[in-house]
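Single-structure report; data block below.
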Amino acid sequence: MTVDSTAARKSRRSGAKRAGAKKAAGEPELVQLLTPEGERVEHPDYSIDLSPEELRGLYRDMVLTRRFDGEATTLQRQGELGLWASLLGQEAAQIGSGRATRDDDYVFPTYREHGVAWCRGVDPTNLLGMFRGVNHGGWDPNENNFHLYTIVIGSQALHATGYAMGIAKDGADSAVIAYFGDGASSQGDVAEAFTFAAVYNAPVVFFCQNNQWAISEPTEKQTRVPLYQRAQGYGFPGVRVDGNDVLAVLAVTKAALDRARTGEGPMLIEAFTYRMGAHTTSDDPTRYRRDEERELWEAKDPILRLRAHLEREGLADEEFFAALESESDALAKRVRDTVRAMPDPDHMAMFEHTYADGHALVDEERAQFAAYQASFAEETN
């Protein structure tokens with residue numbers, strides 16, 4: 001896998017480049033290397049050269065991530081999970097950026113980065129414990145340099161910036177990437193993270209997945225300018241990439257991370273994509289957006305786009321797609337079996353590790369809850 005370093009240096013000198021390889025009437029300018037029809041196109045500032053095996057690997061990543069995500073949504077509908085935040089439609093943004101990271105980079109996700117978790121080697125079933133209510137996050141964040149999911153909107157941008165400032169002081173040759181959505185870009189925590197990252201030249205990439213909707217609020221109610229342009233006000237570059245083009249996302253994110261590692265400071269990437277599903281399983285998107293809008297974006301499906309390219313170039317045959325379908329079915333079964341076998345947690349465990357030492361209020365609440373639980377015990381003769 002190679003990225004044109006000359007183009008990357010040119011991008012660093014001139015800041016954010018907005019010219020896309022192709023721009024249809026009414027479409028925003030963005031970096032694109034693969035059209036919705038699966039045609040490879042050139043971009044003046046970013047390019048990437050992948051082997052057929054690497055291209056098939058990206059397709060496999062997206063297919064298996066979507067299957068896992070769909071299975072989790074079904075499990076929630078069946079009462080096996082309390083909630084689920086789907087990534088449907090955002091597979092390219094997550095797989096492309098996730099595969100751009102190195103093992104020694106550190107990732108700070110929100111609660112929807114299931115594809116990035118996959119790229120970092122986190123077992124998909126470990127993502128489900130929190131949503132089933134059996135743990136607070138089922139993985140060791142330092143094992144894969146992938147932080148626990150963050151529910152508080154935008155706070156992880158500050159965590160990422162602080163971590164990046166720390167590794168810069170340590171002299172580490174690594175970078176940090178922080179994920180957030182278009183809605184989170186309006187949070188004060190994100191603005192403060194931008195300020196600190198710029199002032200301290202922190203090696204952090206801010207990756208905004210602009211999926212057009214902050215729950216029920218469209219992007220137009222979040223900003224008057226494209227989100228990537230906000231970086232200019234803080235003194236670092238920003239770029240908008242086609243978030244449904246896994247090749248463009250990979251190229252742009254890799255260049256941004258390389259830039260951060262060489263001491264050139266932060267960068268903002270706006271992945272222009274679309275949330276094809278609900279915000280979470282407790283949301284009904286039909287109440288605030290039109291079916292025609294979703295249908296328009298379904299034509300830009302990131303998985304169908306890469307498949308069209310593989311077929312167009314003769315890089316994958318039916319045997320490959322059939323084998324991947326079987327692997328997808330096996331993953332779905334493992335997810336279902338693992339979730340249903342998860343043991344119930346100790347009800348009293350919620351009171352542990354709240355404070356380092358004892359606390360009178362926690363002790364009182366523990367006693368009240370224990371008495372409440374005991375009231376359901378069966379009477380014995």
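The values are calculated or read from the model by the stated rules, or taken from the named source; none is laboratory data. It should be emphasised that the depicted structure is a prediction, and the values quoted were computed from it without experimental measurement. Cβ atoms come from the backbone with ideal geometry, glycine included; neighbour counts cover every protein chain shown. We work out accessible area using only protein heavy atoms, side chains counted, and drop any ligands, DNA or RNA first. Shrake-Rupley method; radii C 1.70, N 1.55, O 1.52, S 1.80 Å.
Could the peptides 265-273, 101-109 be put in order, highest first, of the mean number of other beta-carbon atoms found within 10 Å of their residues? Mind showing how you got there, number by number?
Working: 265-273: 27.8, 101-109: 20.3.
Those peptides, ordered most packed to least, come out 265-273, 101-109.
Full extension of the segment from PHE351 to ARG224, taken as 0.36 nm per residue of separation minus the current Cα-Cα distance, would add 41.2 nm. Taking every C-alpha pair closer than 8 Å and separated by at least 6 residues, the mean separation divided by the residue count of the stretch 107-150 gives a relative contact order of 48 percent.
If packing is taken as the mean number of other Cβ atoms within 10 Å per residue, what is the order of 353-359, 227-233, 134-140, highest first?
Values: 353-359: 8.7, 227-233: 19.0, 134-140: 15.3.
Highest-to-lowest ranking by the protection proxy: 227-233, 134-140, 353-359.
Here the Karplus relation 6.51 cos²θ - 1.76 cosθ + 1.60, evaluated at θ = phi - 60°, turns the backbone of the stretch 221-236 into coupling constants of 8, 9, 7, 9, 10, x, 4, 5, 6, 4, 4, 4, x, 9, x, 9 Hz, with x for every Gly and Pro. The calculated Kirkwood hydrodynamic radius for the chain is 21.9 Å, given to one decimal from all distinct C-alpha pairs. Largest first, the three principal axis extents of the alpha carbons in the stretch 223-291 are 46, 28, 19 Å in whole numbers.
In the context of the full set of protein chains, the stretch 225-274 has a per residue accessible area of 22 Å² (1.4 Å probe). Working from label points 7 Å from Cα in the Cα-to-Cβ sense, the GLN78 to SER282 distance is 2.3 nm. Taking each residue as 0.36 nm, the span from THR195 to ASN142 lengthens on full extension beyond its C-alpha to C-alpha distance by 16.4 nm.
So how do 35-44, 281-290, 183-192, 368-377 stack up, highest first, on mean other-Cβ count within 10 Å? Intermediate results must be reported in sequence, preceding the final value.
On the way: 35-44: 15.2, 281-290: 13.0, 183-192: 18.3, 368-377: 9.5.
Packing order, densest peptide first, comes out as 183-192, 35-44, 281-290, 368-377.
Counting only heavy atoms of the protein chains, get the accessible area per residue of the stretch 43-159 (1.4 Å probe) and round it to a whole Å² value. Don't skip to the answer; put the middle values down first.
Details: 4020 Å² over 117 residues.
So the stretch 43-159 comes to 34 Å² accessible per residue, rounded to a whole number.
Pull up the DSSP beta bridges for the chain and report the antiparallel fraction as a percent, rounded to 5. The antiparallel proportion sits near 20 percent.
Along each principal axis, taking the top coordinate minus the bottom one, the Cα set of the stretch 180-320 gives 51, 41, 24 Å in descending order.
Using Cα-Cα distances under 8 Å and only pairs 6 or more residues apart, what relative contact order does the chain have, in percent?
Values: 673 pairs, mean separation 83.5, N = 381.
Relative contact order of the chain: 22 percent.
Applying the Kirkwood pairwise sum to the alpha-carbon positions of the stretch 121-256 produces a hydrodynamic radius of 16.2 angstrom. Simple rule: put +1 on each Lys or Arg Cβ and -1 on each Asp or Glu Cβ in the chain, find the dipole, and look at VAL241, GLN187, ALA160; the Cα lying farthest toward the positive end is VAL241.
Could you do me a favour and compute the accessible area per residue for the stretch 282-353, 1.4 Å probe, result in Å²? It would help to have the intermediate numbers written out before the result.
Numbers: 4740 Å² over 72 residues.
Spelled out: the 1.4 Å probe surface of the stretch 282-353, per residue, equals 66 Å².
Computed over the stretch 171-221, the P(r) tail beyond 14 angstrom holds 57 percent of alpha carbon pairs. Look at the dipole of the chain built from charges on Cβ: of PRO141, ALA92, LEU127, the Cα furthest out on the positive end belongs to ALA92. Projecting the Cα atoms of VAL362, ALA323, THR219 onto the dipole axis of the chain, where Lys and Arg carry +1 and Asp and Glu carry -1 at the beta carbon, places THR219 farthest toward the positive end.
Once the convex hull of all Cα atoms in the stretch 119-201 is built, its volume per residue stands at 107 Å³. Projected label points at TYR372 and ALA330, each 7 Å from Cα along the beta carbon direction, are separated by 4.5 nanometres. Rounded to the nearest 10 degrees, the inclination of helix 360-374 to the longest alpha-carbon principal axis of the chain is 70 degrees.
What number, rounded to the nearest 500 deg cm²/dmol, is the helix-based mean residue ellipticity at 222 nm of the chain, given -39500 (n - 2.57) per DSSP H run of at least four residues and division by all its residues?
Working: 13 runs with 161 residues, N = 381.
After summing the helix terms and dividing by residue count, I get -13000 deg cm²/dmol.
Pairs of Cα atoms nearer than 8 Å and 6+ residues apart set the relative contact order; for the stretch 132-218 it is 31 percent. Shown here: the stretch 40-143, whose C-alpha atoms stretch 48, 29, 23 Å along the first, second and third principal axes, sorted largest to smallest. The C-alpha atoms of the chain define a longest principal axis, and helix 318-341 lies at about 20 degrees to it. Computed from Cα positions, the angle between helix 52-77 and the longest principal axis of the chain comes to roughly 30 degrees.
Mind giving me the FRET efficiency for GLU37 and GLU292? R0 is 22 Å, r the Cβ-Cβ distance, nearest 0.05 is fine.
0.60
When a 1.4 Å probe is rolled over the protein heavy atoms, the share of accessible surface on the chain that falls to carbon and sulfur comes to 49 percent.
Taking the Cα centre of the chain as origin and assigning +1 to Lys and Arg Cβ atoms and -1 to Asp and Glu Cβ atoms, the resulting dipole is close to 1460 debye.
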